Amino acid sequence: MKFGLNITLLLAVELLAISCTSEISVKHANNLSSVVSVSESVECLWLPIEESAPEAQVTAVGANDRITPLSVRLSQTKVDYYMPISMQGVERLRVENCSYENICWQQLTTTPQAPDSSYRQYVHFSPERGWTNDPNGMFYKNGEWHLCYQHNPYGSKWGNLSWGHAVSSDLVHWEHLPDILYPDELGAIFSGSAVVDEHNTAGFGEGAVVAIYTSAGARQTQSIAYSLDGGMTFTKYEHNPVLTSHRADFRDPKVFWYAPRERWIMVLAAGNAMEIYSSANLTDWTFESRCGEDYGYHTGVWECPDLFELPYEDGTKWVLLCSLSIPERGGSSVQYFVGEFDGHRFTPDKKQPEADLLNYGRDYYATVSWSGVEDGRKVVVGWQNNWDYANDLPTKGYRGYMSLPHQLKLVNYSGEPKLVTEPAQEVMAHSHTLLSEEAVEVKDKYNAWRHDSKEGAFAVECDIENLSAQVVGLKLFNDSGEWVDVCFDFVEGVIRVDRTNSGEVDFNPRFPSISEAPLSESTEQHITMVVDRTSVECFTDIAAISNLVFPQGRYSRLSFHTIGGSATIRNLTIKEL
Ligand code: FRU
């Protein structure tokens, strides 16, 4: 039952203070403990948030159940933005650790607040409201790409981890849907994956979508939930957790069907390595193997694995992805290993201490693939951010983006398999041509393009034929003197992307930086560059570099430059996405 005015007035004598509008009643039981209730007709209450305020604990008390307390930075002295909390089925909110003197009590409102539109990208996903980190539970079904993500629905810093949910038919336009998994008594909902159980191996129903995720409470354990309505709503399995361990870091299960053994395989991060489990029914899991302790970078805890098979030469190879922080490579990174998987264990071809990176930019992490893609492509998405500064990005009300969806392939590079990234074909299919030039010779500087529209994302593609230059560069810039420089250094054999003057860079000292990736040994280089409101993603023959940028206005001009000689730019096209 929600509050009635008479009862409120009667209780007031026992309380420290009370404030009341026609719809919202606040009673302060003592200076740090309050109760908020709303009239019957109110479905949603908007909480005023101040990002630098300490977290208050908010418990939504329902008629029959009590939901885990949420950590919410309720406004002390100013309102940065509002976050909605559903009051359906909620009798009252109990708020602890928030002074009765804070301004939040006067600022609570039932009036819907528009989401923040600043620094929104055009073709890169960001949550409508709140924080995001890793992409989670991605599956393709009935022509729709489902993308779940680590979501804080009550603030735009990390916390209250739930699974947000969005869906797209083209990997460019995303429809925001209600969150599908909320924290429970086993803990917050950390990263994981989703599969479609076509043959009802788990017994939840034919074609059930099953999400496999980490319950992060006192321990990290693996839980599952199933959906019988195509992934719109999920029911948690009643016997969760389905997998436990003595390890403190034990998380991010990625599950796939392994046909030769007719079993599900789970790969998950366990301390500084990966573990592989198998199951016939998604509920009972058997340990198979542990790998990775003696190869790859170990500069941080291993996270967010993926394991998949890709065509290579006349056969196939298996690829293991692993996210971790590598301070000397720019913080949050994704390393990968190529090898064999026999249904029980993964064996890398080489045990190098310094593994190859999937992306050399600063903003690409926790990359995993969609399950169920019909044509067998490996379509992946990464979190376009870096734990070095993730909580400081200069947005309000929402924080965090996903990379473009990419597709992966293995190419033979100098006799060895190399994992190469390109934008997913669906993303590029949306383009129409703005500029097309067959060949231009560049000596010193050439202004290639100036765009009238400052809206929308675009892709630049060209072949660079180096004639005699030491360096050939592409510069993106805007009318505010902000720029990003992409330089092919043929002397050093590297490509560098410089964002030190890209726009707003001083929100964290670790943000301004120059990323570096290897160049193939050729005087001809191909580049595709996708430029969105706050990111530049570059793809060469052998490397990808994804970086965030925060210019005052999107870059709308492009020039080429050379040092020490000349180059021919061939097949230059610029397409609007
Ligand atoms: C990676 C990660 C995962 C974990 C999640 C928690 O960014 O640390 O290992 O599941 O974020 O939000």
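Rule-based calculations on the coordinates, nothing more; no lab input. Please read these numbers as outputs of a predicted model, since none were measured by experiment. Here the Cβ positions follow ideal geometry from the backbone for every residue, glycine too, while neighbour counts run over all protein chains shown.
Estimated at 0.36 nm per residue, the fully extended path between residue 443 and residue 97 surpasses their Cα-Cα distance by 118.1 nm. Setting aside same-chain residues fewer than 8 positions from residue 27, which lysines have a Cα under 25 Å from its Cα? Leaving aside lysines fewer than 8 places away in the same chain, those within reach of residue 27 are 2, 78. Counting Cα-Cα pairs of the chain in 20 Å increments starting at 0 gives whole-percent bin shares of 20, 50, 26, 4, 0. Extension gain for the segment residue 491 to residue 391, taken as residue separation times 0.36 nm less the Cα-Cα distance, is 32.2 nm to one decimal. Our coupling estimate for the range 426-431, obtained by passing each phi through the Karplus curve with A = 6.51, B = -1.76, C = 1.60 and θ = phi - 60°, is 4, 5, 6, 5, 8, 8 Hz, Gly and Pro reported as x.
When you count the other C-beta atoms within 10 angstrom of each residue and take the mean per peptide, 166-173, 196-203, 472-479 line up highest first as 472-479, 166-173, 196-203. Restricting the trypsin sites (Lys or Arg not before Pro) of the range 274-355 to loop positions (DSSP other than H, G, I, E, B) with no more than 16 neighbouring Cβ atoms within 10 Å leaves 345, 350, 351.
The H on the amide N of residue 368, modeled in the peptide plane, is under 5 Å from the matching H of 381, each at least 5 residues off or on a different chain.
In summary, the lysines within cross-link reach of residue 445, defined as a Cα separation below 18 angstrom excluding same-chain residues under 8 places away, comprise 475. Length gained on full extension, residue 176 to residue 61: 38.7 nm, using 0.36 nm per residue less the C-alpha separation. With the simple model of a label 7 Å out from the Cα in the direction of the Cβ, residue 452 to residue 501 spans 2.9 nm.
Taking 7 Å steps out from each Cα toward its Cβ at residue 114 and residue 280 produces label points 5.8 nm apart. Residues within the reach of a label modelled at residue 158 (point 7 angstrom out along Cα to beta-carbon, backbone nitrogen below 12 Å), restricted to the range 321-336, are 325, 332. In a DSSP loop and with at most 15 other Cβ atoms within 10 Å, the GluC sites (Glu not before Pro) in the range 506-577 are 521.
Kindly state, to the nearest 0.05, the FRET efficiency for residue 557 paired with residue 299, given R0 = 51 Å and r defined as their beta-carbon distance.
0.85
Phi-derived couplings, Karplus 6.51 cos²θ - 1.76 cosθ + 1.60 at θ = phi - 60°, listed residue by residue for the range 528-538: 10, 10, 9, 10, 10, 3, 10, 7, 10, 10, 10 Hz, with x used for Gly and Pro.
The loop-placed GluC sites (Glu not before Pro) in the range 286-387, going by DSSP, that have at most 16 neighbouring Cβ atoms within 10 Å of their Cβ come out as 293, 313, 354, 374.
Label zone of residue 524 (point 7 Å out along Cα→Cβ, amide N under 14 Å): in the range 463-500 this covers 463-467. Between the amide H of residue 81 and those of 49, distances stay under 5 Å, these residues lying 5 or more places away or on another chain, with hydrogens modeled in the peptide plane.
A simple rule links phi to the HN-Hα coupling: the Karplus curve 6.51 cos²θ - 1.76 cosθ + 1.60 with θ = phi - 60°, which for the range 222-229 gives 9, 10, 10, 8, 10, 10, 10, 10 Hz, with x for Gly and Pro.
Taking neighbour Cβ counts within 10 Å as the exposure measure, how do 149, 82 sort from fewest upward?
In order of increasing Cβ crowding within 10 Å: 82, 149.
Among 448-455, 278-285, the peptide with the highest mean count of other Cβ atoms within 10 Å heads the list, and the full ranking is 278-285, 448-455. Between the amide H of residue 494 and those of 489, 519, distances stay under 5 Å, these residues lying 5 or more places away or on another chain, with hydrogens modeled in the peptide plane. Here the label points at residue 409 and residue 347, each 7 Å from Cα along the C-beta direction, are separated by 2.9 nm in the simple model.
Going by neighbour counts of Cβ atoms within 10 Å, the residues 237, 555 line up, fewest first, as 237, 555. Taking 13 Å as the straight-line reach from the Cα of residue 141, the aspartates and glutamates in range (excluding those fewer than 8 positions away in the same chain) are 170, 197, 198, 229, 374, 375. Take the cross-link list 378/443; 236/350; 418/454; 157/236 and give me the ones stretching past 32 Å between alpha-carbons. Violating the 32 Å Cα-Cα cut-off are 378/443; 236/350; 418/454.
Listing 491, 486 from fewest to most neighbouring C-beta atoms within 10 Å gives 491, 486.
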